[in-house]
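Here the structure is laid out as structure tokens; the discussion comes afterwards.
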Amino acid sequence: MGEVVIKVNNISKLYRIGKIQRATSFRELLGEAIYTPFRRLKQIFLNKPYHNQVTNEQQEMGDVIWALKDVSFEVKRGEVVGIIGRNGAGKSTLLKILSRITEPTEGYAEIRGRVGSLLEVGTGFHPELTGRENIYLNGRILGMTKREIDRKFDEIVAFSEIGKFIDTPVKYYSSGMYVRLAFAVAAHLEQEILIVDEVLAVGDAAFQRKCLGKMRNVSKEGRTVLFVSHNMAAILNLCSRCILLEAGRIALEGETSKVVEEYLNRATPALTYINLNNVQRDGSGMIRFKHFEVTNDMGEPWLYPNRPAIFKMTLETKAPGISSSSVRIAIGVRSSLGEYVLELQTSFDKYYQNNIFTFPEITTITCTTKQFPLRPGTYYLTLYVDYQGEVCDRIRDAVAVEVRESDYFGTGATLSATQGYYILEQRWEREI
Amino acid sequence: MSLLSNNDPTKSEKSSNSTNDIPTIVIRPTRGLKLLDLREVWRYRELAYFLINRDLKVRYNQTIIGAAWAILQPLAMMVIFTLFFGKLAKIPSEGVPYPIFSYTALLPWQLFSRIISESSSSILSEARLVTKVYFPRIIIPISKAIIALVDFAISFIILFILMLIYGISPGIKIIFAPLFIILLLMTSLGISFWFSTLILKYRDLSHVLPFLIQFWLFITPVIYPTRIIPEKWHILYALNPMTGIIEGFRWTLLGTGKGLTPMITVSVIIAVSLFISGIIWFKQKEGTFADMIGA
């Protein structure tokens, strides 16, 4: 412990987006093909760095983006460090650089020890080959030696629950079997440093739980792990330290719970919303729902159990100036089996009751809950608004909401469908 | 070949560390010339072996005729060439039966064209690997070349059978044959290193390639002997490295042509420079393959 094994020093990565659309015609291609080598040779002889080609003009034109900019941090042996941030913040780019899949534009990194990178499970799997052959192929691709795979082979097969299908070509596998086998190989990597990108998003709930447990063991073995995930529960559960990336820069670094909290506070809702202008509805129409949007605290259009949920709605009224005290808004939640499982209502909130306002023509209201209490599954939301007890607008099952799997108890355990819908934080302890 | 030495200043992996044996990897942008780290390629040989094995297995599992494919292709072409060029066009064949004459050239030609067409698209066809894991990328075109070599070896057996049937013995000169195969590998790999990288950027190059190979066949003495080309053009003709290679290969097996002439020297120079420039170019671009594929 204590020794620095990953040292990242001012790493930046530039992507040229303008370049991508260029030179697809045959004529241009020929011109380029002839011209490029000479330009290249010139650069080689003048010993000019490749990326000096990026001109200020290109930067101004928006042809280039800094996917990472001056990122520096250190990781000590045995640490499990989470990397979080919104899509496009540069998490994957960072992992790709550290896995040596792509090189940085500027800066450098030093890594002490063998690196096992797990950016996608099942890399190099071939459908024509059997499970056994694919274990060896995939293991080798991920950097294991043949001896290591030999030694771990039985363990891998047991973990994957593939059993007797091990000598069947994987093209006959179900997608579940395929993913299980792929993760089983990856989970048995022996490198001192593991770089893991969002691998927990595979398989069914039971297998995800198993994977999370496996990841926890890896960290207990004292290996160093860099872990990228959108699953905050998993991050909180696994990581001792956390790095928050924002637009390619490190926005915050420190103790996981603090960084995650800060990240959740900064998160802005996504742009996805549901237009409610042409749906079946009833009511007087004095007040109507125009848009409705559901996001979790990371701005993604789905929810996680036991994590914040944000419902945002835009209402339009034909009678501006009415008082909010006589307007009641409700969101009813039905399960996929049609049971009414939950209701959110303005009259349930003291804050709303105490902060009376008058409705302008267009109003946007958000309803947030800190811990969405329902187990994973699909739920249907019914939107309801009344004025002095008279129904103004009611849209039944207006929105389908996905509540996704995650480690919501933080223990790896999940609530099965036969155990009800509600997730409740609980404490079990011995009485002294 | 000092160019291929492994004192790479930009991305070094010190395997012997002062304290213990844990290697330190330094990741930094490519600046200036980057050389091929042969030691690293060697460390990843098992991966190359698996890639080759996978491709062979897949091919032989999928096709009914499997290994026979390697034999049938040049054999069929030989029959067609013999019919049209040997019998109908009566192209001279240096005193050896035309079937043997063309087959001896078709073998290296097929090896050449297969390496170019397979290796050139190889980085793109292994895109999933390239964007997900690290390894020396040069392994990919090389393993495709080795697969083509396996087919070549199989069809070589047929050549010996044909020679037996026609009663031709190669003589002592056959010891030079591997030399020409090595030259052929250098030429085709050199071209592949260039193309596999360029194709990432200019995807339509993959349409140009088959045309290029077909054209190339006619400026190479496969169907006809070099003799029918006027002497004064020979040096220019030899700028196509395949000329010297095929001519030389035939010489080692059938004793046709003049053997080690200045023409072959030109071909050797071209082959070696293609190979070395290809490696340098490839290494230069290697660090950004994943970005170019991602586009």
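The values are calculated or read from the model by the stated rules, or taken from the named source; none is laboratory data. Remember, predicted model here, so these are calculated numbers, not experimental data. Glycine gets a Cβ as well: all are built from the backbone with ideal geometry, and neighbour counts include every protein chain shown. Remember, those area values only see protein heavy atoms, side chains included, never the ligands or the DNA or RNA. Shrake-Rupley method; radii C 1.70, N 1.55, O 1.52, S 1.80 Å.
Cβ under 14 Å from A:ALA319's Cβ, A:ALA319 left aside: what net charge do those residues give with Lys, Arg +1 and Asp, Glu -1? That works out to -3. Against the criterion of solvent-accessible heavy-atom surface with a 1.4 angstrom probe, A:TRP66, B:TRP233, B:TRP42 sort, most first, into B:TRP42, B:TRP233, A:TRP66.
Could you let me know the centre-to-centre spacing of region A:128-201 and region B:79-121, using Cα atoms, in angstrom? Going from one Cα centre to the other spans 45 Å.
On a 0 to 90° scale, report how tilted helix B:139-166 is relative to the longest principal axis of chain B, with both axes built from alpha carbons and the result rounded to the nearest 10. Orientation of helix B:139-166: about 20 degrees from the principal axis. When only alpha carbons are used to place a centre, region B:233-272 and region A:276-319 end up 77 Å from one another. In this view, the solvent-accessible surface of A:CYS239, computed with a 1.4 Å probe and all protein chains in place, comes to about 10 Å². Scoring A:95-108, B:77-90 by mean Cβ neighbours within 10 Å over their residues and listing the highest first yields A:95-108, B:77-90. Note on A:TYR422/A:ASP70: beta-carbon distance plugged into 1/(1 + (r/R0)^6) with R0 of 35 Å gives a FRET efficiency of 0.15. The modelled label-to-label distance for the pair B:ARG203/A:TYR380, using points 7 Å beyond Cα in the direction of Cβ, is 4.2 nm.
With respect to chain B, whose longest principal axis is taken over its alpha-carbon atoms, helix B:98-120 is tilted by about 20°.
The reciprocal of the average 1/r between distinct C-alpha atoms defines the Kirkwood hydrodynamic radius, which for chain B equals 20.7 Å.
If you fit an axis through the alpha-carbon atoms of helix B:241-254 and take the longest principal axis of the Cα set of chain B, what angle between them do you get, 0 to 90°, nearest 10? So the helix axis and the longest Cα principal axis differ by about 50 degrees. For A:LYS370, the aspartates and glutamates whose Cα falls under 16 Å of its own Cα, not counting residues fewer than eight places away in the same chain, are A:GLU261, A:GLU262, A:ASP297, A:GLU300, A:GLU343, A:ASP349, A:GLU425. For the pair A:SER175 and A:THR364, a Förster radius of 35 Å applied to the C-beta separation gives a FRET efficiency near 0.30, rounded to the nearest 0.05. Taking a Cβ cut-off of under 14 Å around A:LYS370, the surrounding Lys, Arg, Asp and Glu residues balance to a net charge of -3, with basic ones at +1 and acidic ones at -1. Exceedance of the 32 Å cut-off in Cα-Cα distance is limited, within the set A:LYS318/A:LYS350; A:LYS146/B:LYS283; A:LYS76/B:LYS57; A:LYS69/B:LYS285; A:LYS146/B:LYS132, to A:LYS76/B:LYS57.
The Cα center of region A:343-394 and the Cα center of region B:198-212 differ in position by 59 Å. The helix-based estimate of mean residue ellipticity at 222 nm for chain B, built from -39,500 (n - 2.57) per DSSP H run of four or more residues and divided by its residue count, is -20500 deg cm²/dmol to the nearest 500. The mean number of partner chain beta-carbon atoms within 10 angstrom of a residue's beta-carbon across peptide B:128-138 is 5. Spin-label model, B:THR265 to A:TYR351: label points 7 Å out along the Cα-to-beta-carbon direction sit 8.9 nm apart. So for region B:71-214, what percent of the C-alpha to C-alpha distances run longer than 24 Å? Tail fraction, whole percent: 41.
Taking the convex hull of the alpha carbon positions in region B:70-112 and averaging its projected area over all directions gives 2.8 nm². For the peptide A:135-142, the mean number of other protein chain Cβ atoms found within 10 angstrom of a residue's Cβ is 4. Label sites at B:ALA153 and A:ALA413, each approximated as a point 7 angstrom past Cα along Cα to Cβ, lie 5.9 nm apart.
Taken over region B:212-285, the alpha-carbon convex hull comes to 99 cubic angstrom per residue.
Rounded to the nearest angstrom and listed largest first, the equivalent-ellipsoid semi-axes of region A:352-432 from its Cα gyration tensor are 35, 18, 12.
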